[in-house]
Amino acid sequence: MESLLEKSFECLREEQCRSYLDRLGLEYPRHLDREFLDRLVRRHLEVIPFENLTQVVCHKTVSMDLEQIYEKIVLGRRGGYCFELNSLFLGLVRGLGYKGYPVACRVLRRPGLRVPTHRANVVCLGEEEYFCDVGFGGIACLRGARMDCSTVTETEFGSFFFQPEYKGWLNLWHIPNGEEKSAAAKIMMVAQIPSAPIDFAAANAAMCGEDSIFTQGVMVQRMTQWGPFSIDGDQYTSRGPEGKKVVQISSDRELETILKDVFGIELPQKV
């Protein structure tokens, strides 16, 4: 029998899952294994961008309602940020039949201990648990990262591993390609117990407030075979066989073109 907490976890209906998979360019799975989970994570990061246009252009608080998120991202072909993207992703994997739950995270970009302002997911395959984050907007693990402190998860853009922080919390580390383990950077602190979606309401409201970094300038990112393409304020960063290129965005028209051609999304109407 499902507990009250488990009943709160997001879950999409079959027809919603099929539309979601269609947007990702994936067929409905025959087998729910790690291989397909990894494909889901990667395609999500490649197809559906991290973006904060609702906050910075529309000046609205992001909705945490699953139906509204589905309409915006799947039907409206937009992107979103962690409280939207990882909510929708959990709804997909649970709707397909995987076991999973949301977890709170503390971002460790700055010194000191911050309150949890990030949401990710854990997907369970038997006794193994995999950390799946499609909404960070920064360094991304392109597959489920095994939440086992003796395991390193390898990707073509670096390696990821967990180490204990304190009871109930693990630290997620990243090692860039070609670097030694001594060059590892701590990305975030991840809770080892489930949260309810409602637990993220206060953080979502704060991240949509006027003092939040998410309301100060446009942020957009999606992964490609060469690495992340991104917009940060008025700077557009692309990557290719020759390396990284950074250009200045000089007008709203140029921003609209990049959003449409590179990220596959439309600039919403300003409020």
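The values are calculated or read from the model by the stated rules, or taken from the named source; none is laboratory data. Source: prediction; values computed, not measured. Here the Cβ is made from the backbone with ideal geometry for all residues, glycine too, and neighbour counts use every protein chain on show. In case anyone asks, the SASA skips ligands and DNA or RNA and just uses the protein heavy atoms, side chains included. Shrake-Rupley method; radii C 1.70, N 1.55, O 1.52, S 1.80 Å.
Give the residues of region 37-57 that are among the polar types (S, T, N, Q) and either out of contact with any helix residue (DSSP H, G or I) (no Cβ under 7 Å at 6 or more places or on another chain) or part of a strand (DSSP E or B) (or both), sorted by residue number. Before you say what the answer is, go through the steps one by one.
Initially, region 37-57 is screened for residues among the polar types (S, T, N, Q), giving 52, 54-55.
Listed by number, the list holds a single entry, T54.
Restricting to region 195-222, count the residues that are closer than 22 Å to L90 by Cα and of a type in the set (D, E, K, R).
Selection size over region 195-222: 2.
Anything in region 113-136 that is open to solvent by less than 20 Å² (accessible area, probe 1.4 Å), farther than 14 Å from S195 by Cα and in contact with an Asp or Glu (Cβ under 8 Å, 6 or more places away or on another chain)? List them, or say none.
Residue satisfying the conditions is G135 alone.
Here's a check for you: in region 151-172, which residue that is part of a strand (DSSP E or B) and under 17 Å from L113 (Cβ atoms) is farthest from the chain's Cα centre (by Cα)? Reasoning before the result, please.
Residues of region 151-172 part of a strand (DSSP E or B): 152-155, 158-166, 169-172.
Within this subset, residues satisfying the condition of being under 17 Å from L113 (Cβ atoms) are 163-166, 169-172.
Numbers: Q163: 21, P164: 22, E165: 22, Y166: 24, W169: 19, L170: 18, N171: 17, L172: 15 Å.
Per the criteria, the residue is Y166.
If a residue has to be without any contact (Cβ under 8 Å) to a residue 40 or more places away in the chain, over 30 Å from E156 (Cβ atoms) and either surrounded by 15 or more Cβ atoms within 10 Å (Cβ to Cβ) or of a type in the set (G, A, S) (or both) to count, how many in region 205-238 make the cut? Break it down stepwise before answering.
At the first step, the residues of region 205-238 found to be without any contact (Cβ under 8 Å) to a residue 40 or more places away in the chain are 209-211, 213, 225-226, 229-238.
Next, from what is left, pick out any that are over 30 Å from E156 (Cβ atoms): 209-211.
In the following step, the residues that additionally are either surrounded by 15 or more Cβ atoms within 10 Å (Cβ to Cβ) or of a type in the set (G, A, S) (or both) were identified as 209.
Qualifying residue count, region 205-238: 1.
If you scan region 1-36, which residues turn out to be over 19 Å from V74 (Cβ atoms) and either part of a helix (DSSP H, G or I) or without any contact (Cβ under 8 Å) to a residue 40 or more places away in the chain (or both)?
Taking region 1-36 first, the residues over 19 Å from V74 (Cβ atoms) are 1-8, 30-35.
Correct list: M1, E2, S3, L4, L5, E6, K7, R30, H31, R34, E35.
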